[in-house]
1. Could you list all residues from segment 88-114 that are more than 18 Å from the chain's Cα centre (by Cα) and modelled with pLDDT of 85 or more?
2. Has segment 30-43 got any residue that is surrounded by 14 or more Cβ atoms within 10 Å (Cβ to Cβ), within 16 Å of the ligand (Cβ to nearest atom) and not in a helix (DSSP H, G or I)?
3. Kindly list the number of the only condition in (1) exposed (fewer than 14 other Cβ atoms within 10 Å of the Cβ); (2) at negative phi; (3) under 28 Å from the mean Cα position of the chain (by Cα) that fails for residue 26.
4. Name the residue, out of 90, 73, that is free of Cβ contacts under 8 Å to residues at least 60 places away in the same chain, farther than 26 Å from residue 23 by Cα and within 15 Å of the ligand (Cβ to nearest atom).
5. Kindly indicate which of 14, 79, 74, 46 is modelled with pLDDT under 95 and over 30 Å from residue 92 (Cβ atoms).
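The values are calculated or read from the model by the stated rules, or taken from the named source; none is laboratory data. This is a predicted model, so every value here is computed, not measured. Don't worry about glycine lacking a Cβ; one is built from the backbone with ideal geometry, like all the others, and counts go over all protein chains shown.
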Ligand SMILES: [Zn+2]
């Protein structure tokens with residue numbers, strides 16, 4: 001009798017493990033396993049994964065995306081998040097903007113590294129905000145690191161004028 005109880009509890013544990021792996025609550029499935037024994041395990045195998053798991057798969061496949069504000073899954077074509085009402089297009093274009101700025105700062109540092117005064121001047125004159133540099137090193141430090149006095153002066157004068 002005792003062995004049978006142990007076996008049924010093991011069935012509960014196995015059911016809970018399988019259910020948990022599918023993104024379902026483990027505890028109810030533990031009870032199902034304890035009550036129904038091997039049948040509980042069978043049920044936990046047959047039952048489908050939760051929506052959360054399906055959403056994760058959909059995000060990976062690209063048919064859904066994650067809302068940047070509430071982190072819920074929404075359809076990729078959605079303009080407004082159905083969960084929190086965030087304007088997804090605005091959020092997307094904001095991300096675009098900041099990544100644009102980042103790539104311009106990156107381009108400036110590339111120019112500094114290559115000692116390309118022409119390109120550096122063009123980027124600076126395009127109105128890049130030097131104080132808004134998301135890169136770990138400031139442009140001035142970067143120019144100094146490369147031992148480029150002319151480049152450093154160019155950046156310094158730009159910073160003074162800002
Ligand atoms: Zn949202």
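1. Passing the criteria: 103, 104, 105, 106, 107, 108, 109, 110, 111, 112, 113, 114.
2. No, that holds for no residue.
3. That leaves (1) as the condition not met.
4. On the way: 73 fails: farther than 26 Å from residue 23 by Cα.
That would be 90, the only listed residue that is free of Cβ contacts under 8 Å to residues at least 60 places away in the same chain, farther than 26 Å from residue 23 by Cα and within 15 Å of the ligand (Cβ to nearest atom).
5. On the way: 14 fails: modelled with pLDDT under 95; 79 fails: over 30 Å from residue 92 (Cβ atoms); 74 fails: over 30 Å from residue 92 (Cβ atoms).
Exactly one of 14, 79, 74, 46 is modelled with pLDDT under 95 and over 30 Å from residue 92 (Cβ atoms), namely 46.
Let's see how each residue does on (1) surrounded by fewer than 14 Cβ atoms within 10 Å (Cβ to Cβ); (2) touching a residue at least 12 places away in the same chain (Cβ under 8 Å); (3) closer than 30 Å to residue 13 by Cα; (4) not assigned by TED's automatic domain parsing to the domain that holds residue 30:
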| site | (1), (2), (3), (4) |
| --- | --- |
| 57 | yes, no, yes, yes |
| 66 | no, no, no, yes |
| 98 | yes, yes, no, yes |
| 126 | yes, yes, no, yes |
| 132 | yes, yes, no, yes |
| 144 | no, no, no, yes |
